[in-house]
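The next block holds one structure in the form of structure tokens; read it before the comments.
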Amino acid sequence: MDAFNALLPYLFNILRVLALACFIHALVTRQSMYWMVMTGMGALLGGFFGMAFTLIYAFTIFFPWLRGRGRVAGQAVSRGVEALKPLDTRIREAEAQLAESDTLQNRTDLAALQARAGRPDEAQAALQPLLSGIYKDDPLVLLTSGQLDLARQNYAEAETKLRGVDLGTSAATRTRTLTLLAYAQQQQQNPDADATYREAMLGATTEEPRARYAAYLIEQGRKEEARTLLDAMQKAEQKATGLYRRQEREWFAMAAGLRKELG
């Protein structure tokens, strides 16, 4: 009993901190006025009822939100680690995943990797079952098919497919789609490429659009603009975590080569 009484002040302090965290969370995430009032009572007044409402909010809203954020962060790290593997290794693993479970995601992942590795025939074979029927207009299918067209230098066809991708699917899909669309326009001498590259860089999830845009600027004779962009990439690389630098090594290496080209 004495030990429990000794712990009470610590438990009370933990609950007060939790109450404050719940109140801030309710404000930031714009919960209903009911929850704002209840968590505010817990944070400001304490007491039995205040703490009770804090615990209810914590277990029904706050903790599940934290778990969800943790899963998102974990998925981002997993994608970064996955990107560090050699391409051949990733293709073999994708083939194994597809053999185990023939899903749209697994099939488009494999086709995208094969296209990136310069194996368009294999990529076409992997993607072919999805190019008709209910999946033909799926964002992943259109994006992967457009990437395959780019690998085959079918730039007009790639542009058509990439324009059909729903950019609201995810930030990563948006970045990748707009970057490839800009590249397809660039290869066709389409002046819209400039605006598309700029759009791709807004909220980008990778360094690819900046690297490709810098190359485009050099091609257009706009060397000072390219230098400014490449200097920004160099600063970003210096400040980035080791994981991010390794994940984006292809584009940081491309930027380094372009800086060398500019002299």
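The values are calculated or read from the model by the stated rules, or taken from the named source; none is laboratory data. Small disclaimer: the values here were computed from a predicted structure and weren't measured. Using ideal geometry, Cβ is built from the backbone for each residue, glycine included, and neighbour counts are taken over all protein chains shown. Accessible surface areas use protein heavy atoms only, side chains included; no ligands, DNA or RNA. Shrake-Rupley method; radii C 1.70, N 1.55, O 1.52, S 1.80 Å.
Explain nothing, just the number: dipole magnitude of region 161-243 about its Cα centre with +1 on each Lys and Arg Cβ and -1 on each Asp and Glu Cβ, in debye rounded to the nearest 20.
Approximately 100 debye in magnitude.
Using +1 on the beta carbon of Lys and Arg, -1 on that of Asp and Glu, and nothing else charged, what's the dipole of region 118-263 about the Cα centre, debye to 20? Could the numbers behind the result be given before it?
Working: 20 positive and 21 negative charges, 107 e Å.
Taking the Cα centre of region 118-263 as origin, the dipole is about 520 debye.
Hey, what do the phi angles of region 193-202 turn into as Karplus ³J(HN,Hα) couplings, whole Hz, using 6.51/-1.76/1.60 and θ = phi - 60°, x for Gly and Pro?
4, 4, 5, 5, 4, 4, 5, 5, 6, 6
Report, to the nearest whole %, how much of the accessible area of region 163-253 belongs to carbon and sulfur atoms, 1.4 Å probe, protein only. Don't skip to the answer; put the middle values down first.
Values: 2190 of 4580 Å².
C and S fraction of accessible area: 48 percent.
Applying a 10 Å radius around every beta-carbon, put 166-179, 128-141, 249-262 in order of their mean neighbour count, most first.
166-179, 249-262, 128-141
Sorting 38, 201, 33, 233 by accessible area (1.4 Å probe), largest first, what list results?
33, 201, 38, 233
In Å², what does the accessible area per residue of region 110-241 work out to with a 1.4 Å probe? Don't jump to the answer; show the numbers that get you there.
Numbers: 6380 Å² over 132 residues.
That works out to 48 Å² for each residue.
I'd like the FRET efficiency for residue 37 and residue 105, computed as 1/(1 + (r/R0)^6) with the beta carbon distance as r and R0 of 41 Å, rounded to 0.05. Don't skip to the end; give the middle numbers.
On the way: r = 43 Å, r/R0 = 1.05.
FRET efficiency, residue 37 to residue 105: 0.45.
I'd like the carbon and sulfur percentage of the solvent accessible area for region 81-155, probe radius 1.4 Å, heavy atoms only, ligands and nucleic acids excluded. Please list the in-between numbers first.
Working: 1890 of 3920 Å².
The C+S portion of the solvent-accessible surface of region 81-155 is 48 percent.
Charges on Cβ only, +1 for Lys and Arg, -1 for Asp and Glu, centred on the Cα centroid of region 122-183; of 158, 131, 171, which one is farthest towards the dipole's positive end?
So the residue we want is 171.
Sorted from largest down, give the three principal axis spans of the alpha carbons of region 194-263, whole angstrom values.
34, 28, 16
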